[in-house]
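Laboratory data are not the source of any read-out in this text; all were calculated from the coordinates shown. In this text, all values refer to a predicted model and were calculated from it rather than measured experimentally. As a convention, Cβ positions derive from the backbone with ideal geometry for all residues, glycine included, and neighbour counts pool all protein chains shown.
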Amino acid sequence: MKVTGFSFIRNAITYDYPIVEAIRSILPLCDEVVVAVGASEDTTLDLVKSIAPDKIRILETIWDNSLREGGRVLAVETDKAFDAIGADTDWCIYIQGDEVLHEQDYPAIRAAMQQHLADDKIEGLLFKYRHFYGSYSFLGDSRNWYRKEVRIVRKNTRIRSYKDAQGFRKRGQKLQVAAVDAHVHHYGWVKHPQQQQLKQQTFNKLWHDDDWMENHIPKVSTFDYSKIDSLKRFDGTHPKVMQARIARMNWEFDFDPTQRQLSFKERFSRWLEQQTGYRLGEYQNYHLLRQ
């Protein structure tokens, strides 16, 4: 069984992406990792080169900044890395620049890839998500955060990154997937408030035009993390590759989880989910065949 990882990144240092931790978190599972590194205004290319030169293959790419609708450029860059993977690969592990796998989940991930290797009906493997917000101590727990997404797919040229690269489809159809008892730790909303605001002022241009940016992104120097509807404390452990970054955290954030700002619909949906496990109106970009 051959396994190849793939990812994309640009300006990781400017926007404080944990790309080093992301790639290192999949290296033990992969024979090779392909990274599409977009032309950057910082030294992102050198940073990626320094991670594991014997195991990482780099594609130097140019982002199409004219693709300002729906984050499409992110899918384009994802597909560049995916297309560079050799045809002899069985499974492809996708990781974004702010996502990290936990080493305690490696056995379950390996077992799932092996278990479904010969079952062609299974086109991808579905991971659970933990979305951290404000600091490494809080998780987003409202319906605004997606609970699951596909992060392992077969090497198949008909599989494409979908919309803003959140997931994948094959010939426009949802993938048939099996669930993995493993989590992706998503750290995209854990940055110093100045870097988070800088990200908002630039990253949103991948989705919206100048008029939208003018009306929706405040011209301030720091991001206001307090404007959040609901969080809960995280009582688990972070991946080992994240420990040094967590120790360097140099800002303060606190939140009272009892002070949730939820609508009646949200409160009812939370109650229903707690009782049944069903999330009302949940968007699922996949067909789950195996739990």
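Data for the structure
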quantity	calculated
Under 5 Å, built H, 5+ apart or other chain: amide partners of L288	V177
Two-site label geometry, L262 and S66: point separation in nm, points 7 Å out along Cα→Cβ	4.6
Among (i) 46, 21, 15; (ii) 52, 21, 19; (iii) 28, 25, 20, the entry that matches semi-axes √(5λ) of the Cα gyration tensor in Å as calculated here	(iii)
Calculated [θ] (222 nm, deg cm²/dmol) that DSSP helices of n ≥ 4 give over the chain, each run adding -39,500 (n - 2.57)	-7000 deg cm²/dmol
17 Å Cα-Cα reach of K55 towards lysines, excluding residues that sit fewer than 8 places from it in its own chain	K2
Set K148/K227; K163/K191; K148/K174 screened for pairs whose C-alpha atoms are more than 21 Å apart	K148/K227; K163/K191
Per-peptide average of other Cβ atoms within 10 Å, ordering 20-28, 117-125 highest first	20-28, 117-125
Nonlocal amide H pairs with V184, under 5 Å, H built at 1.01 Å	K128, Y129, R130
Length released on extending from R171 to A247, taking residue separation times 0.36 nm less the Cα-Cα span	23.0 nm
Shape of the range 1-92, Cα gyration tensor, a/c cut at 1.5	oblate
Gyration tensor verdict on the range 163-291 (Cα atoms; rounded if a/c is under 1.5, prolate if a/b is larger than b/c, oblate otherwise)	rounded
K55-K2 pseudo-label distance in nm [points 7 Å out on the Cα-to-Cβ vector]	1.7
Rounded to 5, percent antiparallel among DSSP beta bridges of the chain	45
Inter-probe distance in nm under a simple model that places probes 7 Å from Cα toward Cβ, at K128 and T157	3.8
